[in-house]
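So the structure is just underneath, and the comments pick up after that.
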Amino acid sequence: MESGFSGRVVNVDKLTYAGNPENLSDIAKWFPGRYVFVKADIGDRDTMARIFSDYDIDTVCHFAAESHVDRSIVGPDAFIQTNIVGTFNLLELARDNEDRLELFHHISTDEVFGSLGQDGFFTEETPYKPNSPYSASKAASDHLVRAYHKTYGLPITVSNCSNNYGPFQFPEKLLPLVILNALEGKPLPVYGDGKHVRDWLYVEDHCRAIWAIMKHGTRGETYNVGGNTEMENIAMVEMICDILDSLQGLKDGRPRRDLITFVKDRPGHDRRYAIDCTKLKQALGWTPHESLESGIVKTIQWYLDNQEWVTRVRSGEYKAWMAEHYG
């Protein structure tokens, strides 16, 4: 936990397909009595109301969301229920407990802004133009949070971040998928022509930004969080291939770039994202610690060093562990 924080953290998670309490298994040992895990669904308002009451919740840091664009295309229902209805439930409960509520911080995405052209950056003033069920559901939740500030005076902050990467990321996401497939000599799928551009943000830099906003951000304000690491997807995949080749070559001696396989583009695929986080830097003094290369090297090394975790997640063993411990 961040130095100087002496409170308690209550971690609420529904434990869907990507949820894995093992990722935080050491926290309770490191901070006895200050970390509590509760399996619950933010869509269940009665259960969430009990949690607010039982633990005297005074601050909400709202990470909970369905977050994978591909899954939102195939099955948008869960995105509407969790991202919109679930956020509404939390806001109502925050309002019910406004006598002690200090902050409702809402984590969102740059995808709510839609697709950029070849030039320019997303700022906090960029109009919303979501192009997938996922980004539309996040846009709706952003608007609800802001509306509760304007209408009811709820103390809120919002952050819109670029693509996160780093340790413990579920293997369906682009970077762990590429890293793990490349390690095993499997094909590396790249959508379309591979020239879709993303701004990559190392997860620890993102967490530092959120903490800075929660401690020092102006209530009612939005802050963009980006890594200043704009790159085409194909260049990112090639970078991972080259780093892995330098660390651990394939047995047959082939360069891993030979594994790159272009696949049919997904519907509504935004062409370019890029974040301008000047406001966050100037107002709160935040800057990313990791460059793209240093963050990627750290991430690759983490997956190399944690193959047992990878095996458990891929095999579904962690689901059996969750069923035993949490039902």
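The values are calculated or read from the model by the stated rules, or taken from the named source; none is laboratory data. Computed from a predicted structure; not experimentally measured. Neighbour counts are summed over all protein chains in view; Cβ atoms, including those assigned to glycine, are modelled from backbone coordinates with ideal geometry.
From the list 265, 276, the one residue that fits, being surrounded by fewer than 15 Cβ atoms within 10 Å (Cβ to Cβ) and either modelled with pLDDT of 95 or more or in contact with a strand residue (DSSP E or B) (Cβ under 7 Å, 6 or more places away or on another chain) (or both), is 265. In summary, helices (runs of 4 or more DSSP H) completely within segment 7-104 and bearing 3 or more residues that are among the β-branched types (Val, Ile, Thr) occur at 69-74.
To keep it simple, each residue is scored yes or no on (1) touching a helix residue (DSSP H, G or I) at 6+ places or on another chain (Cβ under 7 Å); (2) not charged (D, E, K, R).
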site: 168; (1), (2): yes, yes
site: 175; (1), (2): yes, yes
site: 179; (1), (2): yes, yes
site: 184; (1), (2): no, no
site: 193; (1), (2): no, no
site: 204; (1), (2): no, no
site: 207; (1), (2): no, yes
site: 212; (1), (2): yes, yes
site: 216; (1), (2): yes, yes
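Just one residue in the set 193, 205, 258 is out of contact with any Leu (no Cβ under 8 Å at 6 or more places or on another chain) and within 17 Å of residue 292 (Cβ to Cβ); that residue is 205.
Within segment 67-79, the set of residues being of a type in the set (D, E, K, R) and at pLDDT below 95 comprises 70, 71.
Name, by its number, the condition in (1) within 14 Å of the chain's Cα centre (by Cα); (2) under 23 Å from residue 276 (Cβ atoms) that does not hold for residue 117. The one condition residue 117 does not meet is (1). Of the residues making up segment 76-96, those that are within 11 Å of residue 134 (Cβ to Cβ) and not polar (S, T, N, Q) are 76, 78, 79, 80.
Only one of the listed residues (72, 67) is among the polar types (S, T, N, Q), touching a helix residue (DSSP H, G or I) at 6+ places or on another chain (Cβ under 8 Å) and over 19 Å from residue 106 (Cα atoms). That residue is 72. From the residues in segment 59-84 that are within 21 Å of residue 144 (Cβ to Cβ) and exposed (fewer than 14 other Cβ atoms within 10 Å of the Cβ), which one is farthest from the chain's Cα centre (by Cα)? Filtering first and then ranking leaves 77. Just one of (1) more than 22 Å from residue 154 (Cβ to Cβ); (2) out of contact with any Asp or Glu (no Cβ under 6 Å at 6 or more places or on another chain); (3) at pLDDT below 95 fails for residue 7. It is (1). The requirement of being in contact (Cβ under 8 Å) with a residue 24 or more places away in the chain, of a type in the set (Phe, Trp, Tyr) and surrounded by fewer than 20 Cβ atoms within 10 Å (Cβ to Cβ) is satisfied by residue 152. Restricting attention to segment 188-245, report how many residues are surrounded by 20 or more Cβ atoms within 10 Å (Cβ to Cβ), over 16 Å from residue 273 (Cα atoms) and of a type in the set (S, T, N, Q). Looking only at that region, the number is 1.
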